[in-house]
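To start, the structure under review is shown below, and the notes come after it.
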Amino acid sequence: MNKLILDNLNYKITEKVPIWLMRQAGRYMKEYHIVKNKFNSFMEMCKNSDAVTEITLQPIKKFDFDAAIIFSDILLILDAIDINVEFIPGKGPVVENLEILKNLKLLSRVLNREKVKPCYEAIKNIKKELIDKPLIGFSAAPWTLATYYIEGNITKNLSRIKSFSYKNSKEMDFIIDLFSDLILQHLLNQIEAGVDLIQIFDTHSYQMDHYMHQNYSIRQVKKISKAVRKKYPNIPIIYYSKNFHFLDKEAYDYLNCLSLNSNISLKEQKKYFKGNICLQGNLDPYLLVEGGEYMVKEIKNILLEMKRNSFIFNLGHGILPQTPVENVFKLIEIVRSFKK
Ligand code: CP3
């Protein structure tokens with residue numbers, strides 16, 4: 001087993017820097033489109049275990065990343081409580097959220113097994129093929145899942161969810177707690193199916209005020225991570241966020257790694273946590289589209305900055321569809337040839 005990622009997640013400083021990329025399987029790869037064209041919808045594809053297995057392994061075969069991430073989507077959980085989710089090209093995800101307040105009590109507390117089973121089956125299949133590398137499982141954080149649920153179609157400033165939570169704090173607490181439970185179920189199921197580590201995506205955490213961030217993000221992620229740790233103490237947990245201004249100094253108590261968006265300085269976070277936590281990130285995905293000397297310079301800056309910290313190279317956010325594959329090859333070559 002290639003243990004570079006797992007070693008860094010256990011706070012070792014390895015000679016080589018491991019690399020994987022968020023959304024490493026996806027639209028920038030022609031192989032992905034070939035599979036996707038066979039399906040009527042993205043969600044249908046996410047519920048086909050053969051397609052999920054194939055797509056998950058595509059970037060490993062092509063680029064030899066140090067880990068695979070199960071191909072799925074954070075919104076699968078909404079689909080699994082029978083809320084309609086559609087991915088409309090050019091518009092992004094649209095979630096059916098009619099009459100939220102009236103129907104809150106009708107929200108399901110358990111995942112519809114038929115809808116999530118293909119994801120777990122794919123994990124088992126991938127683990128049979130991918131014997132030498134770790135497989136990453138994932139989920140959204142409750143706040144980020146709630147943004148899609150309450151907004152329906154995400155507004156630029158998350159104005160709908162913010163307005164909703166200021167006006168209906170009890171209902172908001174109910175939704176967040178319920179989503180936390182569903183997320184925990186989904187993460188534990190993925191671990192039981194065989195993933196080696198998990199990542200929790202809190203992509204929309206930067207739009208909240210201090211109270212919301214503490215209450216709906218940090219507290220919930222802490223609760224979920226502690227529950228995962230209690231059952232599976234050896235499964236490392238990565239938390240992706242765009243907001244580290246109020247992050248708990250004791251985060252290493254329940255997380256192994258923080259994955260940072262490109263707007264956050266690795267140098268500052270390294271100082272703040274005094275090397276007590278593994279960091280992941282944070283090349284700007286736009287630089288990977290650009291390529292050339294600016295990209296090369298920034299990759300080297302990141303590698304030098306993180307030389308003495310446990311560290312996993314990644315982007316600050318998901319890889320963009322227009323990314324040229326040559327730039328991905330170049331990035332990997334630079335990271336692989338760097339010796340601490
Ligand atoms: O990282 C991986 O390779 C695993 C696959 C993965 C997808 N989505 C596949 C996907 C992962 C980890 C996600 C997580 C996800 N999904 C997040 C959190 C991380 C992030 O990027 O912020 C969020 C916010 C979503 C919600 C989502 N799914 C959006 C906003 C969209 C549409 C806009 C976009 O970026 O394309 C999706 C669709 C989606 N999820 C695609 C893929 C490959 C594109 C679907 C297509 O082929 O048209």
Among LYS30, LYS36, which is more than 10 Å from the ligand (Cβ to nearest atom), more than 20 Å from the chain's Cα centre (by Cα) and surrounded by fewer than 21 Cβ atoms within 10 Å (Cβ to Cβ)? LYS30
Filter the range 78-109 for residues that are more than 11 Å from the ligand (Cβ to nearest atom) and within 19 Å of the chain's Cα centre (by Cα); which is nearest to MET43 (Cα to Cα)? ASP79
Residue within the range 136-145 that is more than 16 Å from the ligand (Cβ to nearest atom), modelled with pLDDT of 95 or more and under 23 Å from TRP20 (Cα atoms) present: no
If a residue must be modelled with pLDDT under 90 and among the hydroxyl-bearing types (Ser, Thr, Tyr), how many such residues does the range 232-251 contain? 0
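Yes/no matrix, rows are residues, columns are (1) over 30 Å from LYS170 (Cβ atoms); (2) touching a residue at least 12 places away in the same chain (Cβ under 8 Å); (3) buried (at least 16 other Cβ atoms within 10 Å of the Cβ); (4) in contact with a helix residue (DSSP H, G or I) (Cβ under 7 Å, 6 or more places away or on another chain):
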| site | (1), (2), (3), (4) |
| --- | --- |
| LEU21 | yes, yes, yes, no |
| PHE65 | yes, yes, yes, yes |
| PHE71 | yes, yes, yes, yes |
| LEU78 | no, yes, yes, yes |
| GLY90 | yes, no, no, no |
Of the conditions (1) touching a residue at least 40 places away in the same chain (Cβ under 8 Å); (2) within 11 Å of the ligand (Cβ to nearest atom); (3) closer than 21 Å to SER139 by Cβ, SER49 clears all except one; give me its number. (2)
Report yes if some residue within the range 284-295 is more than 23 Å from TYR216 (Cα to Cα) and in contact with a Cys (Cβ under 8 Å, 6 or more places away or on another chain); otherwise report no. no
Given (1) in contact (Cβ under 8 Å) with a residue 60 or more places away in the chain; (2) in contact with a helix residue (DSSP H, G or I) (Cβ under 9 Å, 6 or more places away or on another chain); (3) part of a loop (DSSP other than H, G, I, E, B), identify the lone condition not met by MET1. (2)
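Scan the range 128-148 residue by residue and report those that are small (Gly, Ala, Ser) and over 12 Å from the mean Cα position of the chain (by Cα). Walk me through how you get there before you give the answer.
Step one: of the range 128-148, the residues small (Gly, Ala, Ser) are 137, 139-141, 146.
Across the range 128-148, the qualifying residue is only ALA146.
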Filter the range 281-311 down to the residues that are crowded, with 20+ Cβ neighbours inside 10 Å and out of contact with any Leu (no Cβ under 7 Å at 6 or more places or on another chain) and list them by number. LEU287, SER310
Only one of (1) under 14 Å from the mean Cα position of the chain (by Cα); (2) modelled with pLDDT of 95 or more does not apply to ALA227, and that is (1)
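Among the hydroxyl-bearing types (Ser, Thr, Tyr), farther than 17 Å from VAL85 by Cα, within 16 Å of the ligand (Cβ to nearest atom) and surrounded by 16 or more Cβ atoms within 10 Å (Cβ to Cβ), is that true of TYR149? Quick ask: steps written out before the conclusion?
Details: among the hydroxyl-bearing types (Ser, Thr, Tyr): yes; farther than 17 Å from VAL85 by Cα: no; within 16 Å of the ligand (Cβ to nearest atom): yes; surrounded by 16 or more Cβ atoms within 10 Å (Cβ to Cβ): yes.
Taking the combined requirement at face value, the residue does not satisfy it.
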Return yes when GLU86 is surrounded by fewer than 17 Cβ atoms within 10 Å (Cβ to Cβ) and farther than 30 Å from ILE5 by Cα and no when it is not. yes
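The values are calculated or read from the model by the stated rules, or taken from the named source; none is laboratory data. What you see is a predicted model, and the numbers here were worked out from it, not measured in a lab. Methodologically, a virtual Cβ is constructed for each residue, glycine included, from the backbone with ideal geometry; neighbour enumeration extends over all protein chains shown.
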